Every structure is written in C-alpha cells, then in structure tokens.
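Peer 1: Just dropping this structure here.
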Amino acid sequence: MYAFDRKSFDSTRDGSHHSVGPQPQFRVTLTFVLEDGIVLWSAARARLLEDGETTDEMVHETIGPPEAPVFADCLAVLCDPATFLRSTPVPGCQPDDFWVDALPGLPDLPLLPTCSSRIAV
C-alpha cells in the first residue's frame, strides 16, 4: 500500500536532479501483546538511564512511574527505529516517522492506559 505526501524526489543515483513527483512511503507494522507490564517498564527505564544523565524523575515523566506505567511510551522508547537504523540502514530509504498507538483491552480484561506516542526520527 502506498501513501503519498508533498515531498518530492529531487535526485537520482548519478547525482543529477529532477522532480519525479510525490515520494512513496511505506508502513511497516509490528504488533505486540503485553504479557508483563513491569518487565516492559523496567526495560524502558533501563534504556532511558543508559546515557548516565537521565534521572528517575525524567524516566517517570517519559514513561510514567512503575505503579502507573504508560505502556505505549515504553514501547516507543524500546522500539525507536532511529537507534536500529543508525547501525543497520535500509538501503535506498530514510526513516520518516514513528508512532505507537495503544489499543483498548479486550472485554473482561483490564484496560491498558491509552495514548498515542509519536517520535520523529
């Protein structure tokens, strides 16, 4: 499936420039089922603290405290494609956008906090 925006290709492999119309974009979807919220939150916390400058207060502002985690934000921290794509780029492509949508729980199951986290890459 194609999605088009207002961007245009403006160069070719040989370095010449010409406009060829809208830039095609592609969506790759990866779906997760939450099995253990505290494990997810702890992994996101560890990732945020890796830089040595982030404090627990900053962690709580980003992904919520352990007693009220924001799971979509935890996934956004752990699945940030910019981190992966710096070491393993996709030839011919550049990451454009990234987001995580939290879906409501199923009937008779506790609802997860719902939010939408969007990170520009």
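Peer 1: Scan the stretch 55-101 for residues that are hydrophobic (A, V, I, L, M, F, W, C) and within 13 Å of residue 37 (Cα to Cα) and jot them down. Outline the logic, then answer.
Peer 2: Here is the first cut: in the stretch 55-101, the ones hydrophobic (A, V, I, L, M, F, W, C) are 58-59, 63, 68, 70-72, 74-79, 82, 84-85, 90, 93, 98-100.
Of everything in the stretch 55-101, those that are hydrophobic (A, V, I, L, M, F, W, C) and within 13 Å of residue 37 (Cα to Cα) turn out to be 63, 68, 70, 71, 72, 74, 75.
Peer 1: So the check is Cβ under 8 Å with 6+ separation or different chains; which pairs have a first residue in the stretch 40-55 that's more than 15 Å from residue 71 (Cα to Cα) and assigned to a helix (DSSP H, G or I) and a second one that's modelled with pLDDT under 95 and basic (Lys, Arg)?
Peer 2: Close Cβ pairs (under 8 Å, with a partner that is modelled with pLDDT under 95 and basic (Lys, Arg)) do not exist here.
Peer 1: When the residues of the stretch 93-119 are narrowed to those that are open to solvent by less than 90 Å² (accessible area, probe 1.4 Å), in a loop (DSSP other than H, G, I, E, B) and farther than 18 Å from residue 45 by Cα, which ends up modelled with the lowest pLDDT?
Peer 2: Checking each candidate, the answer is 115.
Peer 1: Separate question: Among the residues of the stretch 21-39, count how many are part of a helix (DSSP H, G or I) and in contact (Cβ under 8 Å) with a residue 12 or more places away in the chain.
Peer 2: Number of matching residues: 2.
Peer 1: Give the number of residues within the stretch 62-87 that are more than 16 Å from the chain's Cα centre (by Cα), under 18 Å from residue 47 (Cβ atoms) and open to solvent by less than 70 Å² (accessible area, probe 1.4 Å).
Peer 2: Of the residues in that region, 4 qualify.
The values are calculated or read from the model by the stated rules, or taken from the named source; none is laboratory data. Values in this document were obtained by computation on a predicted structure and should not be read as measured data. No Cβ is skipped: glycine too gets one built from the backbone with ideal geometry, and neighbour counts run over all protein chains shown. When the accessible area is computed, the model is the full protein with side chains, heavy atoms only, and any ligands, DNA or RNA have been set aside. Shrake-Rupley method; radii C 1.70, N 1.55, O 1.52, S 1.80 Å.
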